[in-house]
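So the structure is just underneath, and the comments pick up after that.
All of the numbers you see were taken from the coordinates with simple rules; none came from a lab. Predicted, not measured: the structure shown is a model, and the values here were computed from it.
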Amino acid sequence: MFSNLAEKLQDTFRRLKGKGKLTEKDVDAAMREIRLALLEADVNFKVVKEFVNSVRERAVGQEVMSSLTPGQQVIKIVNEEMTSLMGDTQSALAGPGKGPTRVMMVGLQGSGKTTTAVKLAAHLRREGRSPFLVAADIYRPGAVKQLEVLSESIGEKCYSNLEADPVEICREGLKMADREGSDVAIFDTAGRLHIDDEMMSEIGAIKNDIKPDEVLLVVDAMTGQDAVNAAASFNEAVGLSGVILTKLDGDTRGGAALSVRKVTGCPIKFVGVGEKIEALEPFYPDRMASRILGMGDVLSLIEKAEATIDQDKAREMEKKLRQQQFTLEDFRDQMVQLRSMGSLDDILNMLPEGGNIPKELKQMSLNENSLKRVEAIISSMTRQERYNPSILNSSRRRRIARGSGTTVQDVNRLLNQFSQMQKMFKQMNPAGKKGMGKKMKKMKKRFPF
Amino acid sequence: MSLIDQFKNGLTRSKSGFMGRLGGLFSAGEINDQFYEELEEILISGDVGVQTSIKLVDKLRTEVKNRRIKERQEARELLLELVIEIMDPGRAPAETEEKPHVILLVGVNGSGKTTSAAKLAGLYRRDEKEVLLVAGDTFRAAAIEQLEIWADRADVELIKQQAGSDPSALYFDAMNAAKARNMDVVIGDTAGRLHSRYNLMEELNKIYRVIGRNIPGAPHRVLLVVDATTGQNAVAQARSFNQSLPIDGLILTKLDGTARGGIVINIQDELNIPVCYVGTGEKMEDLAPFNPEDFARALLES
């Protein structure tokens with residue numbers, strides 16, 4: 001529905017042309033889209049409100065970078081703000097101290113605690129530590145067995161006792177881990193509702209008894225608005241030290257991540273991305289941010305555009321275009337610049353007026369291979385030929401085709417396109433006439449060079 | 001405790017004070033823009049979703065105008081009507097008289113399929129039906145043991161194979177067994193799977209075909225199990241599952257928490273898949289046929 005916030009924002013901004021600064025009105029329009037997108041992504045509505053307000057404050061009055069459109073500029077701010085809200089990458093767990101590090105897993109039913117406990121054990125093993133699992137979910141039928149089977153499958157030890165209560169189990173499990181010489185004990189507790197007072201006081205009791213170094217809340221990435229209530233209650237009851245987000249391999253936008261992070265203030269340490277035991281990854285705030293915004297790679301493109309397109313070069317280019325000194329060599333430079341930004345299709349989509357690119361240019365830039373070919377052809381020309389293509393007779397063309405691994409037809413096509421481009425620039429460039437600057441600006445938006 | 005009480009109980013205890021807010025909103029005062037805005041926010045906070053919330057509020061706005069309603073209290077009854085209208089129970093699939101009546105449960109990981117299968121078996125057992133449970137989750141460790149324990153508690157028969165075996169083969173055997181043992185109801189569990197995993201969805205379709213080949217017309221009901229805490233992704237879930245096999249209805253689980261399961265309004269509105277049952281706890285009896293009016297009242301009444 002709002003799969004492409006970037007597109008929406010650019011749509012919103014299309015009508016607002018040639019602004020140097022983001023005005024309040026621009027920002028308001030954008031904020032509406034952002035609010036909707038975040039709500040659709042299941043970010044809690046209160047969190048959305050706060051977030052939108054903070055973005056608004058930052059955005060109003062900001063200068064629009066010349067390499068970006070206002071829409072892109074707002075997206076950039078939103079993304080930065082969200083990434084910073086998400087915190088840093090912090091996949092490290094408390095290090096080994098005296099005795100085993102105690103890691104307690106808590107969460108709602110079905111969030112994935114048991115699977116995640118085992119994934120975490122496997123991860124710690126890869127890091128050279130020796131984990132030990134404790135099965136403290138005596139309520140769900142088969143839960144203990146599940147942990148036993150999974151532990152065995154990765155060759156780790158697991159303590160269980162179907163006769164004892166969870167506090168006892170954890171206490172005994174910890175002793176056992178110590179005896180076994182393990183340096184991490186992972187306690188898999190039963191899933192519980194955050195409003196179930198009895199069950200909540202049970203994990204409180206476990207916590208007081210084993211004094212965990214880490215209390216990790218396991219949260220289903222598909223959780224909706226209620227994520228804040230659950231997270232806040234767990235945090236209140238046991239004091240969380242981190243969060244693990246599960247089932248992120250689906251197509252959910254995962255707005256719950258932002259909500260949970262906001263209400264608990266705890267870092268998201270890992271994400272579960274599959275059913276296999278190895279499918280546990282460190283959390284990357286920037287990836288999560290763009291996922292919630294539903295913008296995929298567009299964000300990285302914006303960053304690339306910022307970094308790659310040399311402002312001075314762009315200015316020089318504009319001057320050349322105006323003076324009709326646009327040569328094949330310049331043409332190639334732009335191609336190189338474009339290609340260094342990544343896939344051409346993405347770039348075209350990112351351009352605010354991607355739909356309005358002249359037909360000739362579009363034909364030429366249909367795929368990346370043709371871009372490569374263009375570059376090869378121009379590189380096979382002599383300097384003189386590049387500055388003065390009119391000297392290209394058929395013998396020269398044959399040589400260029402051979403040199404670039406293309407055909408004479410390819411060379412001819414490129415030269416045609418180039419001359420059309422030159423014509424186009426001439427048309428929109430009646431020297432000295434008023435309004436030309438504006439047109440140039442528009443042109444620059446079309447093609448960021 | 002009745003379903004509505006349990007649900008309400010959860011709501012009242014919720015920290016966000018949902019009931020309090022709604023109560024306050026509808027208690028007194030005139031109907032103005034602020035009222036609508038707040039109402040929209042409340043609906044969104046119940047996971048009803050932006051589009052559906054806006055639609056509901058717009059409908060309410062029109063109706064309030066048409067019927068010249070002035071008081072907020074009257075508006076509440078109206079909203080109730082609108083929600084019930086969307087949740088219309090008339091579309092819930094009727095139970096067939098055919099024997100065996102085959103029910104297949106599907107859903108994403110952790111939504112509560114195995115527990116719901118057991119509860120559903122208990123529900124039919126209380127009706128003195130002969131029930132066969134199929135331990136179709138051959139993937140998750142100890143899922144079979146989990147259902148075995150439940151089958152014992154519910155006093156129903158269970159058919160299983162060893163972990164890791166092909167679920168379609170299991171279902172082939174299960175259908176034959178159901179016919180041979182003259183079962184009234186067959187309730188099939190399946191492994192949880194994310195709807196975006198193509199291969200796993202194909203596997204589900206294969207199970208569906210195997211059942212249908214063995215007992216024409218079966219499965220008579222395919223029910224998608226949805227966790228009430230799920231957000232907007234549940235719509236995508238319903239859509240994808242419905243693409244690999246026709247979903248007849250929903251089981252809304254974990255409604256005993258503070259989550260309000262508003263997402264089912266969304267699913268029904270967009271995909272026209274009715275809710276058949278709701279799960280409200282961890283005990284065998286904690287599953288009840290869905291009553292849209294109860295649901296709407298619990299959602300909106302204070």
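Among bridges DSSP assigns within the range B:95-300, what percent are antiparallel (round to 5)?
Antiparallel bridges make up about 10 percent of those DSSP assigns within the range B:95-300.
Roughly how far apart, in whole Å, are the Cα centres of the range A:238-274 and the range B:30-79?
The two parts, judged by their Cα centres, are 33 Å apart.
Taking H placed 1.01 Å from N in the peptide plane, check which residues at least 5 places from A:Asp220 or on another chain put their amide H under 5 Å from its amide H.
A:Thr246
Suppose a student asked you for the relative contact order of chain B, using Cα pairs under 8 Å spaced at least 6 residues apart; what percent would you report?
Answer for chain B is 26 percent.
Amide H of A:Met104 versus every other amide H placed in the peptide plane: which residues, excluding those fewer than 5 positions away on the same chain, fall under 5 Å?
Distant-sequence amide H within range of A:Met104: A:Phe187, A:Glu214, A:Val215, A:Leu216.
Mind checking which aspartates and glutamates have their Cα closer than 13 Å to the Cα of A:Lys145? Skip sequence neighbours fewer than 8 apart in that chain.
A:Asp137, A:Asp188, B:Glu145, B:Glu148
Given contacts defined as C-alpha pairs under 8 Å and at least six residues apart, what's the relative contact order of the range A:151-231, whole-number percent?
For the range A:151-231, the relative contact order is 26 percent.
Exceeding 22 Å between C-alpha atoms, which entries from my cross-link table qualify? They are B:Lys99/B:Lys283; B:Lys129/B:Lys206; A:Lys49/B:Lys65; B:Lys254/B:Lys283. Before the final figure, lay out the partial values.
Values: B:Lys99/B:Lys283 28 Å; B:Lys129/B:Lys206 28 Å; A:Lys49/B:Lys65 30 Å; B:Lys254/B:Lys283 12 Å.
Listed pairs above 22 Å: B:Lys99/B:Lys283; B:Lys129/B:Lys206; A:Lys49/B:Lys65.
Under the classification rounded if a/c is under 1.5, otherwise prolate if a/b is larger than b/c and oblate if not, where does the range B:95-300 fall, given a ≥ b ≥ c as square roots of the Cα gyration tensor eigenvalues?
Taking the square roots of the gyration eigenvalues as a ≥ b ≥ c, the range B:95-300 is prolate.
Would you mind checking which residues have amide H under 5 Å from B:Asp227's amide H? H placed 1.01 Å from N; only 5 or more apart, or other chain.
Those qualifying (amide H under 5 Å, at least 5 residues apart or on another chain) are B:Thr253.
What is the Cα radius of gyration of the range A:58-198 over 2.2 N^0.38 Å, N being its residue count?
Taking the Cα Rg and dividing by 2.2 N^0.38 Å, one obtains 1.48.
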